[in-house]
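The next block holds one structure in the form of structure tokens; read it before the comments.
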Amino acid sequence: MSTLLHAATLGLNRQRIRWEQETEWSDIAAAGTSPAEKLLRVLAARQLAEKAAFEPESILLSETEAAPPEKRPYLDAAGAHIMYQVIHARSRRLLEEALGLLVKKEELLSPEYLPLLLDIADELEVDKKLLLQACGERLHWLAAKRPAWLIYLPLSAESWKTGSLQQRLRWFVQQRAQQPETAHSLWAGMKKTASSDELIAFTQLLKPHLSEADEDKLEPLLDHRRKDVRTAAFPLLTRIPDTELIRRMKKRAESCFKMEKGVLKVALPEIRKEWERDGFSVFSYAASGLGEKAGYLCHLLACIPPDHWEKSFQESPEKLITKALNSKWAEAVVLAFTLASIRQRDAKWATELLKTIFQNSKLLDVIKPNVRVELIQLIPVAERDRLFIKAMSESERFDTLLVDFSLIIDHDDMLSQKVAWTFYQKLRDSLIRRVERGDQRFRYLLYELPNVALRTPIGLYPQIAALFPYELLGNGSYRHYLEEMLQTLDFRYKMYKTFT
Amino acid sequence: MKPDQITSLAPSPDALRRAQSLAHARKWTDLGQSGSYLWGSCQGSGSKAYLVAVDTSDFASKCTCPSRVFPCKHALGMLLLFAGQPESLPVLALPEWVGEWRRSREGRAERREGGITNNEQGTRKVEGNPRNDKRINRMMLGMQELEVWLQDILQMGLAELSQQPFEYFEGVAARMVDAQAPGLAGLIRALPGSMAGEGWQERSLSQIGHIYLLLKAFQKLEQWPEDFQDELKSLAGIHVKKDQLEAKSGISDVWEVVGKRTESQDRLEMQRLWLWGHHSRQFALLIDFSFGGGSFSYNYMPGTALAGEIVFYPGILPERAHVKLPVKVQAGEGVLIPGKSFSDFLNVYANALSINPFLSTYPAWLSGVSVFSEAENIILLSDGGKKIPLHPAFQRSWELLAVSGGQPLSIFGEWLANRLLPLGILTSNYRWINLS
């Protein structure tokens, strides 16, 4: 056929076919009266012969080991129907919730869903242990078949020597959690040969299980020629109590942060050349509205554990925060306290700071949502709930709270029964007030409601649904957001009913 | 009707999720049912509640909402509600607006019946119709023109042809439409699409050969047996009207829906539904079109079965069929198609081609298929160690591997241009998985 293909591609005007040499087709071509007709006749016959006499390729493939038999049954059709929607919703929280229910039910996810799940689960950061429990042995069997899915397989020491960067990183994390001494040796070996990018990736992995033993790894990185490496190492050093860096910062703060006769005296620090190594010229606080020098002050104080001031000035966090608010550089200091509390995971300070933020809406511009979320997560649940309920107790306060919705929604934990119920009641009251006032302004803020619905204890659904009857959703401009919220709750409710 | 069967009616998982939130009696007012009809009112974003009605015999629906998605979430929600809590729709007399809708649907059916009566009175035979003779003459002239064009493009060469703009092919297709041969126009329009990707020259030449064979066969129309003439007419674009089919007696059976495939081009969507007759033990293909997001006439889902009568379109190897209403839609009884080994299937297909050389797709039910992976590719192997090529349009090949777990599978699909386009799997424990 190659001669015919060649001629047909170039065109019969340019390439003649010698039919006498095409013995396979010459008889069929013979009845044609022109070169083109001859070729058309052959093409007609040939396409038919190709279909009718299709000869499949023989292949020898080595036997594939069959997937190990499963001990648990697969989901029934109703459950599979739910899981189909859960996977397509692409929400980590919903997916983990559904997989958890599946595990409790002692059933397995139907295997046809595994490819899509493997495609999305890593990106969604779904708990891999849970994934394996819910999907059974076939998960590993299948993951081993495709390079992109190898990340789901358990690692071995060999991964460190021959694996990809991703596999090496995962092995390092695993060793750090289980065998810190081995991880320490791995770090020492890696540092000799790693590129800057690899060094940044490994440095970022030090955050979990950070300890005093890591200071020796991080302190030298402050002298690294590449700014990104220095930037990755610096915040971690500020999270380890009593490092050399923190001692340096305490010393530097003595001249600009003092208590004189019960009054907090704050001044802007004078930056010296040798300070630059400690991030003064790297980190900017302009996004929080601080000028360059106020930023230096914030940077300096944010490195010092807040309990240091309690001991030095013999004052409680509450009083120190109040005094900071009355000082000249109040916003820089409160932001510094907030960052320092987060770095040192100081729940006591976090609680007092959150109370202050609730009371001072001006601080919302300085302490951004992502920072507030970290602060909220430090507070013990009972205390957090008390704060939330108190904040929601006043109608007008709740309306303001909606403007700063992140206080309720941006942290990732499940809401308690009490907070959730108060929230939905207040939301309803607030909506009614706003509808009465014809206030449309905050509508766009409600787009996060489905996320709240994902974190609501599902047993509350019937009561919540009764709070928002269809008539209330009516024609209001909030309808869409509320519907989304109720749909999410409704779906989760059905999921629980199906799986339990 | 089970909720999971309604899944495949939903245009997207998101639409299904939205519909599920409406599957509660409290979201509805004025609910009711009578016979196969369900109805109710659902408050939406408009000032007036939407009036929703569904005919469960064929899943046709009517809703006053402005959605252009079909079926809309309200119709799906009502079906889900009915599937889960049928008691929430009390049996009542049809309200006026539903009655009107039913009458308009029945009116359309009656008008079709009327057409049949006329046809039965003497105008049924296409051949005997002078208008059709005239049309065939016009088609013959168009085909002569097309033959000259085919010769010209071979003189010119595929390399140059592939550089031609789409309008060049569209011009030829338009001439075929003028010649009242829309079937040929469709084949011409498909040509530029075959001129891309690896092996495009081979594909294009096969397509050209197919067109040539068709037009040469059509030019000798009178010489062929009647059923082959019907086949050729249908391929060229003379279609038998549904009302003519309605007049014929069909095959009554329980028809299991075993596969569904939709294709879209611009705003036109084509749906292909494969049925398997439990007693007649044959396949039937329902082809359906919708334009601009409209509904299909056949809203049947894989996993369900139709108890009723279907009529095959005339042709030498009848495959395409029409469903005579009413049919009873019920849960599928399980797929009991006797699977074939790949080599047996190829023999059956070659025999079918010897009867109808214009077969483009053919139903394939293959058993003993092993699934392997090689880097990023999935390979299907028959029990004889032959490779079963997968159609490039098939995007769910990793599901085949996941379901197989290393064990042989039975796969139903369409054999299309020497490639398999899987539409469903039967697992070793007789679980049917729809791949549509």
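For the reader, a short list of remarks on this structure follows.
- Counted by neighbouring Cβ atoms within 10 Å, the residues A:S196, B:S61 run from fewest to most as A:S196, B:S61.
- When each of B:H322, A:H6 is scored by the number of other beta-carbon atoms lying within 10 Å, the sequence from fewest to most is A:H6, B:H322.
- Partners for A:K265 among aspartates and glutamates (Cα-Cα distance below 12 Å; same-chain residues under 8 apart left out): A:E254
- Under-5 Å amide H pairs with B:Y50, H placed in peptide plane, nonlocal only: B:C42, B:Q43, B:G44
- Cα gyration tensor shape for segment B:217-338, rounded if a/c is under 1.5, else prolate or oblate: oblate
- Exposure proxy ranking for A:T23, A:T238, B:T262, A:T64, based on other Cβ atoms within 10 angstrom of each Cβ and starting from the fewest, stands as A:T23, B:T262, A:T64, A:T238.
- Dipole magnitude of segment A:77-152 about its Cα centre (Cβ charges: Lys, Arg +1; Asp, Glu -1), debye to nearest 20: 60
- What the Cβ-Cβ distance of A:T231 and A:D127 gives, at R0 = 22 Å and to the nearest 0.05, is a FRET efficiency of 0.15.
- Charging the Cβ of each Asp and Glu at -1 and of each Lys and Arg at +1, and nothing else, the dipole of segment B:3-94 about its Cα centre rounds to 380 debye.
- Charge dipole magnitude, Cβ of K and R +1, D and E -1 - the protein assembly as shown, Cα centre, debye nearest 20: 2320
- All-pairs Cα distance distribution in segment A:60-125, expressed in whole percent, bin size 10 Å: 19, 48, 24, 8, 1
- For peptide B:24-33, the mean count of partner chain Cβ atoms within 10 Å of a residue's Cβ comes to 2.
- Chain A: angle of helix A:244-253 to the longest principal axis, Cα-based, in degrees nearest 10: 40
- The Cα-based radius of gyration and maximum Cα-Cα distance (Dmax) for segment A:186-309 are 15.8, 55 Å.
- Note on B:397-409: average number of Cβ atoms from other chains within 10 Å of each residue's Cβ is 6.
- To the nearest ten degrees, helix A:330-344 and the longest principal axis of the Cα atoms of chain A are 60 degrees apart.
- Net charge of neighbours whose Cβ lies under 15 Å from the Cβ of B:E170, counting Lys and Arg as +1 and Asp and Glu as -1: -1
- Under the Karplus curve 6.51 cos²θ - 1.76 cosθ + 1.60, θ = phi - 60°, whole-Hz ³J(HN,Hα) for segment A:79-86, x wherever Gly or Pro sits: x, 5, 4, 5, 5, 4, 6, 4
- Ratio Rg/Rh [Cα only; Rh per Kirkwood] for chain B: 0.99
- Using θ = phi - 60° and Karplus 6.51 cos²θ - 1.76 cosθ + 1.60, couplings along segment A:129-145 (whole Hz; Gly, Pro as x): 5, 5, 4, 5, 4, 7, 9, x, 5, 5, 4, 5, 4, 6, 4, 5, 8
- Working note: Cα atoms of chain A, range along each principal axis, descending, whole Å: 115, 67, 54.
- Using θ = phi - 60° in the Karplus curve 6.51 cos²θ - 1.76 cosθ + 1.60, the 3J(HN,Hα) couplings for segment A:422-434 round to 4, 4, 5, 5, 5, 4, 4, 4, 5, 4, 4, 4, 5 Hz; x is entered for Gly and Pro.
- Each residue, A:D223 and B:A393, gets one label point 7 Å from its Cα in the Cβ direction; the gap between the two is 6.7 nm.
- Within-11-Å neighbourhood charge of B:L306 [Cβ basis; K, R +1; D, E -1]: -2
- Under Stokes-Einstein, with the Kirkwood radius over Cα pairs as Rh, the value for segment A:250-375 at 20 °C and 1.002 mPa s is 148 µm²/s.
- Rounded to 10°, Cα long-axis angle of helix A:92-104 versus longest principal axis of chain A: 80
- Quotient of C-alpha Rg and 2.2 N^0.38 Å, computed over the protein assembly as shown: 1.21
- For the listed residue pairs A:K104/B:K328; B:K73/B:K233; B:K248/B:K387; A:K129/B:K260; A:K418/B:K73; A:K251/A:K323, the alpha carbons are over 31 angstrom apart in A:K104/B:K328; B:K73/B:K233; B:K248/B:K387; A:K129/B:K260; A:K418/B:K73.
Values quoted throughout were computed directly from the atomic coordinates according to the rules given, and no laboratory measurement underlies them. Computed from a prediction, not measured in an experiment: that's the story for all the values here. Neighbour counts run over all protein chains shown; Cβ positions are idealised from the backbone, glycine included.
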